[in-house]
DNA sequence: CTGAAAGCGCTTACAG
DNA sequence: CTGAAAGCGCTTACAG
C-alpha cells in the first residue's frame, strides 16, 4: 500500500498523513492518533526509496569488509553490538564485501555516488589511511573504529591499546620475566603500532633493551600464532613469557609450545589480550589463559550511538570528543584491563 | 552528479544515457562506449533510491539476526561467503538485528512494506516455522538456509545433518562404544531434530536402545557444553564417547572432562561436528579433536548465487532443486564428512 | 490545522 | 538509433 491509497482510506490528504507519521507538530492530536493507529492496522510504511529520494536520507549505514580474512569472530561481536543499537532507530546496516584495499576505496565511491547509506563506519585504520581523505572528499559522513593520525573533523572510538599492552608487559616484568615475546598484528595497522609502542615503553621503563627478534607480526589466527611462536622457541635465548595479541594467536602459540615439549603456566608464561566472546571464554581453555579484555561488542553499540548522532546532523567533533573521553575513562576505571592473576612468575 | 547533469555533459538525452548504462541493445556502440567512459571519469552512478523507485529493485538482500546469540562465529563465516558472491553483482547485504522471534517477524513486515530489499535469506529454521508463511504472504522473495517441513515454492540449501551425525555415531559404534553422549542444538530447530534422528538411526541399526539421559540440548557455547557434559559424567553409567554438535560445545565438554580428572582421547572419545574456521582449526586444540566438517562459508556463497538467481526473476523451485542436489552430491563425494581418524576405540 | 502541487532522480512506454 | 514526458512514492515549501 502506498501513501495515496493509505491517505484516501483515512479521507485525509497525503500531506497530513505524511506529517502525522513524521511527527510534525502542526497536526491535530486526534488526527495523528487516527493515522498512527491506521498505519499499524494496514501495515503501512513509507517506501524507503521514495523517502530517500525526497529527503536524501535512507536509514542505513554502511560498513565494508575486506575479504574473508576480516570476517572473523571480532567482526560478528562488533556487528552484534552495532546492530543492537541501530535497531532501536530502525536503522539497518548495509554490508559490502570487497577483496582488496583498492576495491574498498571503490566501494565507498559507489556508496557515496549512489547514495545508498547515510554514513559509513571505517574500521581497522592504517597509519596514514587513504580512506579518511577519500570519505572527506566524497562528503560521506563516517565514524572511525580505531584511532588514526589523519587530521579531520570526524568521530572515532578506540580502546587504549598502548596502555593495555604496556600494563600487560609491565606485569610480566614484575613477575621477573626479561625475555618477553610479543605476537602482534600487522605492521602499519594503527592498533598494532600502538601496542608495539606500549610494549616498548614498558621495557624502556625498566631499562631493558627491546630485542626485535622477540616481536612478530601477522594475522590473528592460530596458524600465525603457531608459526611465530615456533620461531621464538628456536631462538638461542628463548622467551620465558609470551604476550599474544588475540585469543586465536594464543591458541596457536600454545600448540607450538606443546609441540616443543614445554608447558604453558609452568615453563613459560602466556598472556593474551582479547575481547569477550559469549560463546567461548579464555578461562575455558586448556591450560587456562590469562587475558586482558576489551569488549568489542560494547564498542559496536557505542559506535552505533555515534553514527546515529552523526546522521541526526550533529557535528562530528562532538562524537569524537565523547568517544575519546567516555571510552578512555572506562578504561581508566579498569573495565578494559583485568587483573592478570594467572600469569606465571619467572622461575 | 545526477543523470540530468551527466547527460548534458555528454550532449545526450537522459533516456539514451540511461539505456547505455543499463546495457539496452538499441544504443549505438560508439555512444555506449562514450557514455561508459564518461561515467567512469565523472564517477557517475545512478541514485539507488531513484532507481528503486523507478524499477522496484534496490540491489540489496536482507538478513535478520536475532540478538547477540545469533552473532557467533558461524554467522561471520556465512556472511563472508555470501558477501563474496554478492559483491560480484554489486548487491549489498542489509543486516537487521532484532531481539525476539516476534520482533523478527515484524522486521520482515517492515522490510517488505518499505521495499528495502529485493529478497531475504531465512536461516536457522524451526520445525513448522511461521516465517515461511509470513514471507509468502508478504510476497517477499526468500531463500532458506536450512531445511524446513513447510510447503511452498521456495529455494533452500542445507547440509545433510542426518547423515553427518549418523555416520559419526556409527563410527563410534564401530570403535566399540555403546554409551555415546550427544551434545545437540535446541529442540525444535530443524537441524537439531535431523541430527537427533541421525543419532537415533545409527543406534537403531545396531539394535542399541537410545538412552534419553545421554542426549542434551542447548546453545553451541562452551558454557553449555560444559554443563551438559558435567551432567553426563554424573550418570551412574557414564558415556565412553561424546558427540559434540559444535567446536564450541566440544571445548566446554573437554573442560568438564578435564575437571572430572579423566582424559579425552584416552578415557573418553570425543568427536565434534563443525564448520571450517580460517582462524582456528580443531587440529590445533589440546587435545586434538576429531571433527566432521561442512563449510558454512561455501554455503553462504551458494546461497548468494541462489538469491541472485531469484532476484533475476527465475523460478525459486529451480534454486531449490539445484540447491538440494548439488549440495547433497557434494556431501556424497565426501567433501563434507571427513574421516574421523582420531576417535578413540572403546577400551 | 489542512491540502494542492512541485520536485527528488531515475526508467520506460511512446513517438519519431 | 534517439528524445520528450509520464510516472514511481514520498516530502515540503507555499497557500489557505
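Brief remarks on what is shown
- In the assembly of identical copies, residue B:5 has its label point, taken 7 Å from Cα in the direction of the beta carbon, separated from the corresponding points by 3.6 nm (ascending, one decimal).
- Relative packing of A:153-165, A:189-201, which averages over residues the other C-beta atoms within 10 Å, highest first: A:153-165, A:189-201
- Descending principal axes extents, segment A:124-208, alpha-carbon based, whole Å: 52, 19, 18
- Placing a label point 7 Å from the Cα of residue B:211 along the Cα-to-Cβ direction, the distances to the matching points in the other copies come to 5.3 nm, shortest first.
- Ordering of B:136-147, A:96-107 by burial proxy (mean other Cβ atoms within 10 Å per residue, highest first): B:136-147, A:96-107
- Averaged over peptide A:16-25, the number of partner chain Cβ atoms lying within 10 Å of each residue's Cβ comes to 0.
- Packing around the peptides B:51-57, A:221-227, B:238-244, taken as the average count of other Cβ atoms within 10 Å per residue, puts them in this order, highest first: B:238-244, A:221-227, B:51-57.
- Estimated FRET transfer efficiency (residue B:153, residue B:262; beta-carbon r; R0 41 Å; 0.05): 0.20
- 4 °C / 1.567 mPa s Stokes-Einstein diffusion coefficient of segment A:9-111, Kirkwood radius on C-alpha pairs, µm²/s: 78
- Förster-model FRET efficiency, 25 Å R0, residue B:205 and residue B:133, C-beta, rounded to 0.05: 0.10
- Summary for residue B:312: label point 7 Å along Cα→Cβ; distances to the equivalent points in the other copies, ascending, 4.5 nm.
- Segment B:3-46: proportion of alpha-carbon pairs further apart than 14 angstrom, %: 35
- Inter-chain Cβ neighbour average for residues B:53-64, partner chain, 10 Å: 3
- Kirkwood Rh in Å, taken over segment A:161-293 so that all alpha-carbon pairs contribute: 14.4
- Here segment B:205-228 and segment B:68-129 have alpha carbon centers that stand 29 Å from each other.
- Averaged over peptide A:88-101, the number of partner chain Cβ atoms lying within 10 Å of each residue's Cβ comes to 5.
- With R₀ fixed at 35 Å, the C-beta to C-beta distance from residue A:22 to residue B:29 puts the FRET efficiency at about 0.15.
- For segment B:3-46, the relative contact order works out to 35 percent when only alpha carbon pairs closer than 8 Å and six or more residues apart are counted.
Any read-out appearing in this document is the output of simple, stated calculations on the displayed coordinates, not a laboratory observation. Predicted model only: the values in this text are computed from it and were never measured. Here the Cβ is made from the backbone with ideal geometry for all residues, glycine too, and neighbour counts use every protein chain on show.
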